[in-house]
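What follows is a set of notes on a single structure, which appears directly below.
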Protein chains: 2
Amino acid sequence: MTGAPPSPQLFFETANAFQRTEALKTAIELELFTAIAEGYVGGALRFLLLPSAVEGYKHLTEAVRKGGTARDEHSLTPEHPMWVEFARGMAPLMAMPAELLAKLLRAEEGAKWKVLSLAAGHGLYEVTLARHNRNAEVWAVDWANVLEVAKENAAAAAVAGRYHTIPGSAFDVEYGDGYDIALVVNFLHHFDQLTCEALLRRVQASLKPGGRAVIVEFVPNDDRVTPPLAASFSLIMLAGTPAGEAYTFKELQRMLGNSGFRSSELHPLPPTFFNVVIGTK
Amino acid sequence: MTGAPPSPQLFFETANAFQRTEALKTAIELELFTAIAEGYVGGALRFLLLPSAVEGYKHLTEAVRKGGTARDEHSLTPEHPMWVEFARGMAPLMAMPAELLAKLLRAEEGAKWKVLSLAAGHGLYEVTLARHNRNAEVWAVDWANVLEVAKENAAAAAVAGRYHTIPGSAFDVEYGDGYDIALVVNFLHHFDQLTCEALLRRVQASLKPGGRAVIVEFVPNDDRVTPPLAASFSLIMLAGTPAGEAYTFKELQRMLGNSGFRSSELHPLPPTFFNVVIGTK
């Protein structure tokens, strides 16, 4: 836009942006994408546009004033049914990043792995690791209602025999120990930094020496406004959680350091918009 | 995106587009744009996001099935209060295109003009013509409640003495005749083509020989999907009117021809997204 004469076009586009959401809903309702709608974007759209998610945005001004969601009932409420919708709706969209992560971690080399997965949701990340690595044994933590979905996915991938569940809050339950890998996928962004560090200390304690915390996240650049999707994810967390946000690599690195990890690395996961941050004990 | 690997990014951006609308509302509510909000974008946003406008989108799937708005109460309802909001809210954003139109028509040359303005709304287009041309005398047609706003704007521009009003529906009232210019600004897109032609025939009859119908519109290209703003305007009309849409130049040309105009020309109005189509009697 530099040098272009002023125009209210961006204003109109932004004011009317809600129309794009509705147009997409309509396209799916009219089965324009029949082949992909039900199993792919249909469920994802159901999750993204749950009343609980949209409702947070109706009180966005209050959330900005307060520095966190203005709603009493939010995504951190125990056993919130939105996470079942998440597990069912978002799984098909996570197949690609899960495959890319298995490749990044070289799952197919078959090293003997004990894998912990926190807030496992659909379970697709650890299920994919177990599918590529027959020597991986997996423990998944999430609310009991959500783990039912993960177990279905484990069964569908024929890894149910190596898939164990630990129902409850990732902040309370006993993880066990001796893990090689602890997956923390799209979980830290729900919490403030001190809470993240409290969780990461529990993770660190559960790992064997040399074990790795594998964090998959929306990671904005240090400017905090690029790339747009990672940056705007912070707004989603502001609308829907008491104190969550998307953290920069520097912030994640500091949290890992404060939690007893000796090193950390950043790996983009193209073509997805996720980044992987690996902290080594 | 050609050649880029597949990514659900566009899907996420579109599904979450409603968040941009809410973010803009919040920015205005928090007075981030204090200097411009109230007089400029604040009122425009109030109009664009009126419950009646947003409501149409809540029934978009039904509207697509039906080929027009699924709501009984829509923008064509006589004396609809949304047009008062329009007249108050959108006027500041129309100042620039009104000035550009006055320049295009060479108002400052001072030719003796009798000007008709249909569905005048805020009245800014004919008020600006009258302000630049002391020899212009203006007649504005709109609902009586809306004309009150136009009269305020005429008074503010010190042209009230040359500003006359004809309250009522542009399809019913007597326009008078002998007009040099008939403004039809952002009006045709509310109607189907036959209805537009019926209106344009009334306009044609009111003009003196050589008189001009001056149509300001969102005009998509023949492909009907570019430029995005003009193309998506058709969706707004689908959601909010029984049979309206944004017409291409070819369509407007044909309507003018069918209504007795002997020639028509297209003039873009950069940097705005409006086009001017002039039909000459």
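FYI, it's all coordinate maths here, none of it is from the lab. Here the structure is a predicted model, which means the values were calculated and not measured. Please note: Cβ atoms are built from the backbone with ideal geometry, for glycine as well, and neighbour counts cover all protein chains shown.
Which FRET efficiency, nearest 0.05, do B:Ala243 and A:Lys58 yield, Cβ-Cβ r, R0 45 Å? Mind showing how you got there, number by number?
Working: r = 32 Å, r/R0 = 0.71.
Efficiency at R0 = 45 Å is approximately 0.90.
The C-alpha radius of gyration of the protein assembly as shown, expressed as a fraction of 2.2 N^0.38 Å, stands at 1.21. Between identical copies, the spacing of A:Asn135 label points, each set 7 Å from Cα toward the C-beta atom, reads 9.5 nm from nearest to farthest.
Listed by chain and number, the lysines placed with their C-alpha closer than 19 angstrom to that of B:Lys114 are B:Lys103, B:Lys151, B:Lys208, B:Lys281; residues fewer than eight positions away on the same chain are left out. Cβ crowding within 10 Å, taken as a proxy for footprinting-reagent exposure, orders B:Ser206, B:Ser52 from fewest neighbours to most as B:Ser52, B:Ser206.
Shortest first, B:Val173 label-point distances to identical copies amount to 7.1 nm, with the label point at 7 Å from Cα along Cα→Cβ.
Using Cα atoms only, what is the angle between the long axis of helix A:17-29 and the major principal axis of chain A, expressed in degrees (0 to 90) to the nearest 10? So the helix axis and the longest Cα principal axis differ by about 70 degrees.
Just so you know, the averaged projected area of the alpha carbon convex hull for the range B:184-263 sits at 4.9 nm².
Here the range A:220-281 and the range A:161-202 have alpha carbon centers that stand 16 Å from each other.
Could you tell me the relative contact order of the range A:154-281? Use alpha-carbon pairs under 8 Å, at least six residues apart, and round to a whole percent. Result for the range A:154-281 is 26 percent.
Between copies, the label points of A:Glu62, set 7 Å from Cα on the Cα→Cβ line, lie 2.9 nm apart, reported in increasing order to one decimal in nanometres. Summary value for chain B: 16 percent relative contact order, contacts being C-alpha pairs under 8 angstrom separated by 6+ residues. Express in nm, to one decimal, how much length is gained between A:Leu269 and A:Arg46 on full extension, taking 0.36 nm for each residue of separation and deducting their alpha carbon distance. Additional length available on full extension: 77.8 nm.
What number, rounded to the nearest 500 deg cm²/dmol, is the helix-based mean residue ellipticity at 222 nm of chain A, given -39500 (n - 2.57) per DSSP H run of at least four residues and division by all its residues? Numbers along the way, then the final one.
Working: 11 runs with 123 residues, N = 281.
Result for chain A, helices only: -13500 deg cm²/dmol.
Here is the tail figure for chain B: Cα pairs spaced more than 24 Å apart come to 52 percent of all pairs.
For the range A:159-234, a simple Cβ point-charge model (Lys and Arg +1, Asp and Glu -1, everything else neutral) yields a dipole of about 220 debye relative to the Cα centre.
To the nearest 20 debye, what charge dipole does the protein assembly as shown have about its Cα centre, counting +1 at the Cβ of each Lys and Arg and -1 at the Cβ of each Asp and Glu? The partial results should precede the final answer.
Details: 50 positive and 62 negative charges, 200 e Å.
Using Cβ point charges on Lys, Arg, Asp and Glu, the protein assembly as shown gives about 960 debye.
In order along the range A:76-88, phi translates into HN-Hα couplings of 8, 4, x, 6, 4, x, 4, 6, 6, 4, 4, 4, 6 Hz, rounded to whole numbers, per the Karplus curve 6.51 cos²θ - 1.76 cosθ + 1.60 with θ = phi - 60° and x for Gly and Pro.
Would you mind calculating the gained length between A:Glu148 and A:Ala198 on full extension (0.36 nm times residue separation, minus the Cα-Cα distance), in nm to one decimal?
Details: separation 50, 0.36 × 50 = 18.00 nm, distance 2.69 nm.
Difference between extended and current length: 15.3 nm.
Note on the range B:130-281: semi-axes of the ellipsoid equivalent to its C-alpha gyration tensor, largest first and rounded to whole Å, are 25, 18, 16.
3J(HN,Hα) couplings calculated from phi for the range B:174-189 with the Karplus curve 6.51 cos²θ - 1.76 cosθ + 1.60 (θ = phi - 60°) are, in sequence order, 7, 7, x, 8, x, 6, 8, 9, 10, 7, 10, 9, 6, 10, 4, 5 Hz; Gly and Pro show x.
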